[in-house]
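Taking it in order: structure first as structure tokens, then the write-up.
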Amino acid sequence: MLMLLLLLASSLPRSRSLSSTSTISIPITTQDIIAGDVFFEIIEPQDLEYTYRLRPAKDFGVAFSQKLEGVPLVLADPPSACGKIRNARDLRGSIALMDRGECSFLAKTAQAEAAGAVGAIITEYNSNSPEFEHYIEMIHDKSNRDTQIPAGFLLGKNGIIIRSTLQKLNRVHALINIPVNLTFTPPSKINHPPWLGW
């Protein structure tokens, strides 16, 4: 049987190989960029008015399915949100922006939910971390709990710039729309931050 397959294969015409200078150009579509991620846009302050990408939590919480417009994005205090959140009044009805580390992603999201937040965004603030320029899969911590708010991971560079800009402007929060539907927006028309290429 093997001999018959080899004979058949040798009798087939050989295909021409592409030269080393040949290239195939396949246009990148917005669907390629989205790939299961969620986008939000900051509508205020002006210095941050761009579209940002989030990697949703893999196996805890709920999806970013309810459209929220003009919702505050509030820096959690303490930034790690591993203990009781001190600025719960600011977080009520808002999205919490928290720092990665010290406890699980689920623990942070649960603290934000307990403070009244309607969503959680976690980011890497340590620019020396090997994960600083990567999306991290936020997974369940195998505890007996879950949350009823959505959570997502934001690239570290975006997190640092959002936080430092809000602090520089003495602002408690930014205003965002989340999620933003980019399905029919060409990649070149997405208003992504100038400091970050996709």
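The values are calculated or read from the model by the stated rules, or taken from the named source; none is laboratory data. These numbers were taken from a predicted model, which means no experiment stands behind them. Glycine also receives a Cβ, built like all others from the backbone with ideal geometry; neighbour counts cover every protein chain displayed. Protein only, heavy atoms only, side chains kept; ligands, DNA and RNA dropped before computing areas. Shrake-Rupley method; radii C 1.70, N 1.55, O 1.52, S 1.80 Å.
Computed values, structure above
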item: Matching strands (runs of 3 or more DSSP E) fully within the stretch 1-93 where at least 2 residues are in contact with a strand residue (DSSP E or B) (Cβ under 8 Å, 6 or more places away or on another chain), of a type in the set (Val, Ile, Thr) and at pLDDT 95 or above; result: 38-44, 68-75
item: Pairs with Cβ under 6 Å, 6+ apart, first in the stretch 150-174 and touching a residue at least 24 places away in the same chain (Cβ under 8 Å), second hydroxyl-bearing (Ser, Thr, Tyr) and open to solvent by less than 10 Å² (accessible area, probe 1.4 Å); result: Ala151/Thr109; Leu154/Thr123; Gly156/Thr123; Asn158/Tyr52; Gly159/Thr123
item: Qualifying residues in the stretch 107-138 (those that are under 20 Å from Gly83 (Cβ atoms) and polar (S, T, N, Q)) - the one nearest to the chain's Cα centre (by Cα); result: Thr123
item: Those residues of the stretch 151-195 which are within 23 Å of Ala96 (Cβ to Cβ), of a type in the set (D, E, K, R) and not in a loop (DSSP other than H, G, I, E, B), in sequence order; result: Lys157, Arg163, Lys168
item: Single condition Lys108 does not satisfy, out of (1) of a type in the set (Lys, Arg); (2) assigned to a loop (DSSP other than H, G, I, E, B); (3) modelled with pLDDT of 95 or more; result: (2)
item: Close pairs from the stretch 46-72: first under 18 Å from Asp141 (Cα atoms), partner hydroxyl-bearing (Ser, Thr, Tyr) and crowded, with 17+ Cβ neighbours inside 10 Å, Cβ under 8 Å, at least 6 apart; result: Ala57/Thr109; Phe60/Thr109; Phe60/Thr147; Gly61/Thr109; Gly61/Thr147; Val62/Thr147
item: Residues (of a type outside the set (S, T, N, Q), surrounded by fewer than 19 Cβ atoms within 10 Å (Cβ to Cβ) and in contact (Cβ under 8 Å) with a residue 60 or more places away in the chain) located in the stretch 181-190; result: Phe184, Pro186, Pro187, Ile190
item: Answer residue from the stretch 129-150, given it is among the polar types (S, T, N, Q) and over 11 Å from Ala57 (Cβ atoms) and is modelled with the highest pLDDT among those; result: Gln148
item: Residue match in the stretch 130-146 (condition: crowded, with 22+ Cβ neighbours inside 10 Å and in a loop (DSSP other than H, G, I, E, B)); result: yes
